[in-house]
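The structure appears below as structure tokens.
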Amino acid sequence: MKPTRVPFLDLTRQDRELREELCGAFNSFLQRGRHILGPEVESLEAELAAFCGVEHGVGVASGTDALILTLRALGIGEGDEVILPAFTAPPTAVAVTLSGAVPVFADVDPHTLTLDPASVAERITHRTRCLLPVHLYGRPADMAALGRLARQHGLHLVEDCAQSHGAALDGRITGSFGTAGCFSFYPTKNLGAYGDGGMVVTSSGELAQELRCLRDYGRVDRDLLGKVGTNSRLDELQAALLRIKLRRLPEWNRRRRELARIYLDALSDLPLGLPECREGEEHVYHIFAVTSERRDELRRHLELEGVETVVHYPLPVHLQPPFRSRPGPPCPVAEEASRRVLSLPLYPHLTTEEQETVIEAVRSFFGAS
């Protein structure tokens, strides 16, 4: 039976699938009586680090904190510049600003919408300390070219992996390419918590130690501060629930790729830009974003057909009010993308009937049967 409404995302379906395991983990949590920085956090840190192919994981309170604390731990702050894409979620730039550094916005590649190495190269100055690529929509950025730039100029390479849990490029998982990888566990992510949470993964023991200090007020032991840090600790309950989901992540990502392939096959003859993969790339389709010159008309049509969509993102970060006054070269690709992108429903629990409804609605807009 054709559904009357297709939600963009329905997290209750995932909850129903995992209910028994989640309740079991919650009961175990209640029996232990350990709520902060205990064995569940330590286990999740080790498991996600191993999943990414690095040595260390450090759980923190959010993906934004993962970025802020990583920049602080690397000694990046006042007067330093961090180059990031103009087309991303605003928290990436907010994190740079809250670290004390200056965000410098580079344009994105027109095909992948990830950080364009050529645009980055034009913006490197003597004040640049770090490159901050975002693996947008679940697609890895061009880490080979960005890595070469970082090595050539002696820069840190910090990955924003908030949308790329399990994505890979040439067999390497995102988070393993740079100095550190910063993950968000916001509930809508491919690996989402039941509230906020985040983690930094790295192969640097020194960086991991510094992050553990900074996330816990700067304490070196219970009653002694080594420096001034903050309170940014992933709690035991979230870690216990995330460990259950981490075991399902490869299966869920495979399902996302299956659904994406159905969309690609069904929509390839339409005047739409589609997220085709490069060779060696394992996209995890956190977002399935198409592009159209008639984006707003298409979105209104889909709404009338009962299909919920989202725009990621309607305003590039460099044009957001807090950053608009900063001088810098234009980012025309980012600005054009913000006028054209539209995200269609795609998540592991989307049903066949719902996807068929989406496809039918998109095709009918273009007058295709």
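Laid out as a table, the results:
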{"read-out": "First in the stretch 92-111 and of a type in the set (D, E, K, R), second anywhere and surrounded by fewer than 23 Cβ atoms within 10 Å (Cβ to Cβ) and at pLDDT below 95, Cβ under 7 Å, 6 or more apart", "value": "none"}
{"read-out": "Flag if Ala150 is open to solvent by 10 Å² or more (accessible area, probe 1.4 Å), hydrophobic (A, V, I, L, M, F, W, C) and either touching a residue at least 60 places away in the same chain (Cβ under 8 Å) or in a helix (DSSP H, G or I) (or both)", "value": "no"}
{"read-out": "Residue in the stretch 1-29 that is most open to solvent (accessible area, probe 1.4 Å), counting only those that are β-branched (Val, Ile, Thr) and modelled with pLDDT of 95 or more", "value": "Thr12"}
{"read-out": "Check on Ala240, among the small types (Gly, Ala, Ser), open to solvent by less than 20 Å² (accessible area, probe 1.4 Å), in a helix (DSSP H, G or I) and at pLDDT 95 or above", "value": "yes"}
{"read-out": "Selection count where residues are open to solvent by 30 Å² or more (accessible area, probe 1.4 Å) and touching an Asp or Glu at 6+ places or on another chain (Cβ under 6 Å), scope the stretch 114-137", "value": "3"}
{"read-out": "Unique residue being touching a strand residue (DSSP E or B) at 6+ places or on another chain (Cβ under 6 Å) and crowded, with 18+ Cβ neighbours inside 10 Å when the list is Ala95, Ala141", "value": "Ala141"}
{"read-out": "Flag if Ala337 is touching a His at 6+ places or on another chain (Cβ under 8 Å) and not in a loop (DSSP other than H, G, I, E, B)", "value": "no"}
{"read-out": "Residue in the stretch 18-33 that is without any contact (Cβ under 8 Å) to a residue 60 or more places away in the chain and under 17 Å from the mean Cα position of the chain (by Cα) present", "value": "no"}
{"read-out": "Residue in the stretch 30-38 that is surrounded by 19 or more Cβ atoms within 10 Å (Cβ to Cβ) and not β-branched (Val, Ile, Thr) present", "value": "no"}
{"read-out": "Of the criteria (1) in contact with a helix residue (DSSP H, G or I) (Cβ under 6 Å, 6 or more places away or on another chain); (2) farther than 30 Å from Tyr217 by Cβ; (3) part of a helix (DSSP H, G or I); (4) in contact (Cβ under 8 Å) with a residue 60 or more places away in the chain, which one Ala145 fails", "value": "(4)"}
{"read-out": "Hey, Leu84 touching a Pro at 6+ places or on another chain (Cβ under 7 Å) and either open to solvent by less than 20 Å² (accessible area, probe 1.4 Å) or modelled with pLDDT of 95 or more (or both) or not", "value": "yes"}
{"read-out": "Output for the stretch 168-189, where each listed residue is within 16 Å of Leu44 (Cα to Cα) and part of a loop (DSSP other than H, G, I, E, B)", "value": "Gly175, Phe185, Tyr186"}
{"read-out": "Set Cys161, Cys213: member being of a type in the set (A, V, I, L, M, F, W, C) and touching a His at 6+ places or on another chain (Cβ under 8 Å)", "value": "Cys161"}
{"read-out": "Residue in the stretch 316-326 that is within 20 Å of Phe366 (Cα to Cα) and in contact (Cβ under 8 Å) with a residue 24 or more places away in the chain present", "value": "no"}
{"read-out": "Selection count, the stretch 291-325, where residues are touching a helix residue (DSSP H, G or I) at 6+ places or on another chain (Cβ under 7 Å), under 30 Å from Asp170 (Cα atoms) and either open to solvent by 80 Å² or more (accessible area, probe 1.4 Å) or aliphatic (A, V, I, L, M) (or both)", "value": "1"}
{"read-out": "Members of the stretch 109-159 that are in contact with a Ser or Thr (Cβ under 8 Å, 6 or more places away or on another chain) and charged (D, E, K, R)", "value": "Arg139, Asp142, Glu159"}
{"read-out": "Test result for Ala106, touching a Phe, Trp or Tyr at 6+ places or on another chain (Cβ under 7 Å) and surrounded by 22 or more Cβ atoms within 10 Å (Cβ to Cβ)", "value": "no"}
{"read-out": "Subset of the stretch 61-105 (residues that are of a type in the set (A, V, I, L, M), in contact with a Cys (Cβ under 7 Å, 6 or more places away or on another chain) and under 20 Å from His312 (Cα atoms))", "value": "Ala86"}
{"read-out": "Members of the stretch 346-367 that are open to solvent by less than 50 Å² (accessible area, probe 1.4 Å) and within 14 Å of Asp265 (Cα to Cα)", "value": "Gln355, Val358, Ile359, Val362, Arg363"}
{"read-out": "The stretch 326-345, subset in contact with an Asp or Glu (Cβ under 7 Å, 6 or more places away or on another chain) and open to solvent by less than 20 Å² (accessible area, probe 1.4 Å), residue farthest from His301 (Cα to Cα)", "value": "Cys331"}
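The values are calculated or read from the model by the stated rules, or taken from the named source; none is laboratory data. Bear in mind the structure is a predicted one, so any value in this text is a computation, not a measurement. We place every Cβ from the backbone using ideal geometry, glycine too, and count neighbours over all the protein chains shown. Just so you know, the surface numbers come from the protein's heavy atoms only, side chains and all, with ligands and any DNA or RNA stripped out. Shrake-Rupley method; radii C 1.70, N 1.55, O 1.52, S 1.80 Å.
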